[in-house]
Amino acid sequence: MLDAEVESREQLVSAVARAGLEVCVEGPLRPNIVGLIHGAACDAALVGIDDPAGSPIRLAPDIECALILCSRNTGPDMMVAARKMGATGFLVRPIRSKQIVPTLALATSIFREEQHLRRTLAERRTIEQAKGRVMERRGMTEDAAFHWLRRRAMDTRMRIADVARDVLSEQNTREGMSG
């Protein structure tokens, strides 16, 4: 529960408690908040802000949990601010306990899906880079390089992304030794 206004934060904590959930971190937004949230292994962060320009602290993509914005302000500027913050959910104040569980469930689901997509995209880039290195080093076509990576993954019972990281790591080690 993160909110600069003490009364608003207390209402939010009370609503969460009535919903039967645990509060991991409570307080105002502050520079070290991402580390506190990470250290507490929170599933979600509820952030209370009514002024779209009110949060100078950037939470996404550094925050490693779902982010739910809590606000009385439902105007277009607040929706833009919520998206920029990386919010995956929104609760309109005054918050009713009945709203919290379904909002948290949806927000955490959306967050996990986004995390999975980011990881998949990063792995795809790694595979493409490794494929390029294999093509260059072994003089293979793109298809042959991909088949080589895939075969190595099957032979070693590793994921292709892990094989790709190994290929890139081997190449970087060689470059470091020759440089």
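Taking the helices alone, the chain has a mean residue ellipticity at 222 nm of -20000 deg cm²/dmol, built from -39,500 (n - 2.57) per DSSP H run of at least 4 residues and averaged over all its residues. Looking at segment 117-178, the pairs of alpha carbons with a distance over 15 Å make up 49% of the total. The length gained on full extension between R72 and E113, counted as 0.36 nm times the residue separation minus their Cα-Cα distance, comes to 12.0 nm. Going by neighbour counts of Cβ atoms within 10 Å, the residues S71, S8, S97, S169 line up, fewest first, as S169, S97, S8, S71. Of the GluC sites (Glu not before Pro) in segment 57-148, the ones in a loop by DSSP (not H, G, I, E or B) with at most 16 other beta carbons within 10 Å are E64. Grab the beta carbon distance between R150 and E64, set R0 = 30 Å, and tell me the FRET efficiency rounded to 0.05. E(calc), rounded to 0.05, equals 0.45. Using 0.36 nm per residue and subtracting the Cα-Cα separation, the extra length available between R157 and V25 on full extension is 43.4 nm.
In terms of the mean number of neighbouring beta-carbon atoms within 10 Å, the peptides 42-50, 150-158 order highest first as 42-50, 150-158. Residue-wise HN-Hα couplings along segment 111-127, as the Karplus relation 6.51 cos²θ - 1.76 cosθ + 1.60 with θ = phi - 60° gives them from phi, are 4, 5, 5, 4, 4, 4, 5, 4, 5, 5, 5, 4, 5, 4, 4, 4, 4 Hz; Gly and Pro carry x.
Cα convex hull, the chain: 170 Å³ per residue, rounded to a whole number. The GluC sites (Glu not before Pro) found in segment 1-50 that occupy coil by DSSP, while having at most 11 further C-beta atoms within 10 Å, are E22. Our summary gives the chain a relative contact order of 15 percent, counting only alpha carbon pairs under 8 angstrom and 6 or more residues apart.
Just so you know, all these numbers are worked out from the coordinates, no wet-lab data involved. Please read these numbers as outputs of a predicted model, since none were measured by experiment. Neighbour counts run over all protein chains shown; Cβ positions are idealised from the backbone, glycine included.
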